[in-house]
Amino acid sequence: MVWQPFILSLKLALITTGSLAMLGLPGIYLLHFHGYRLRPLIKALISLPLVLPPTVLGFYLLVAFRPDAWAGRLLESWFHFRVAFSFGGLVLGSLVFSLPFMANPVISALEGLPLSYTEAAFTLGKSRWQTYLHVLLPNIRNSVIAGIMMAFAHTMGEFGLVLMVGGSVPGETKVASIALFEAMTSLHYQTANQYALALLGISVALLAGVYFFSRENQSRLF
């Protein structure tokens, strides 16, 4: 088994989850404290990739960022890359498609916290951001960790969006799930089984960690 696709999958998952943590947590803060009226719509948009076929999302990403579209021209002129058949395109698509796996556990945990936590922090003179950063997030840190692990696991195993946006460029977009598919279609069953077993092992380990942290978080709340 060639390890390059796994290395590329790990790179994609690490960049995606790191970016989601840096961008998603401030975004969840805005949703929790400032997005009351639009909260149902925003939550629906965040969760859309859970029900939308990945090929549909990949198609619209390619349409939106095609070279002759304004968004595509902007990315190419500012950052010098195209979405189609590029690692940057995989990162962009993975950010959108893995967002609900990171955001939803955090949003649900925040909504499950007693309102008294926020009220007590406000009484002590804490701002909304200070309350979120120093009071709310520490009380749901296991849910934050679980969300990050879910996003990582989902990015590692994603196939449809990767194939639609990135295709199979060796060293650039040929991640482990694509290598598994190609080994299977080429009748290289032993190689395909190796890729499948490795992905299965990673998924089981990460999901076990997710449920461990979820259980620990429930025990803290009750």
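The values are calculated or read from the model by the stated rules, or taken from the named source; none is laboratory data. Since the structure is predicted, the reported quantities are computational estimates derived from the model, not experimental observations. Ideal geometry is used to build each Cβ from the backbone, glycine not excepted, and the neighbour counts take in all protein chains shown. Protein only, heavy atoms only, side chains kept; ligands, DNA and RNA dropped before computing areas. Shrake-Rupley method; radii C 1.70, N 1.55, O 1.52, S 1.80 Å.
Only protein atoms count toward the accessible area here, which uses a 1.4 Å probe; on the stretch 117-186, the carbon and sulfur part of that area reaches 63 percent.
Rounded to the nearest 20, the Cβ-based charge dipole of the stretch 77-222 about its Cα centre (Lys and Arg +1, Asp and Glu -1) stands at 280 debye. Per the Debye formula on identical point scatterers at the alpha carbon atoms of the chain, with no solvent, log10 I(q)/I(0) at q = 0.12, 0.14, 0.17, 0.18 Å⁻¹ is -0.72, -0.93, -1.20, -1.28. Can you tell me how the stretch 20-108 classifies by the Cα gyration tensor, rounded, prolate or oblate, using a/c under 1.5 as the rounded cut? In terms of gyration-tensor shape, prolate. Against the chain, whose longest principal axis comes from its Cα atoms, helix 39-51 is set at around 30 degrees. Axis angle, to the nearest 10 degrees, between helix 4-34 and the longest C-alpha principal axis of the chain: 30 degrees. Solvent exposure of the chain, expressed per residue, is 55 Å² of accessible area, with all protein chains present and a 1.4 angstrom probe.
Residues of the stretch 1-45 with the amide nitrogen closer than 19 Å to a label point 7 Å from the Cα of E111, along Cα-to-Cβ, please. From the stretch 1-45, the list is 24-45.
The angle between the Cα long axis of helix 54-64 and the main principal axis of the chain comes to about 90°, on a 0 to 90 degree scale.
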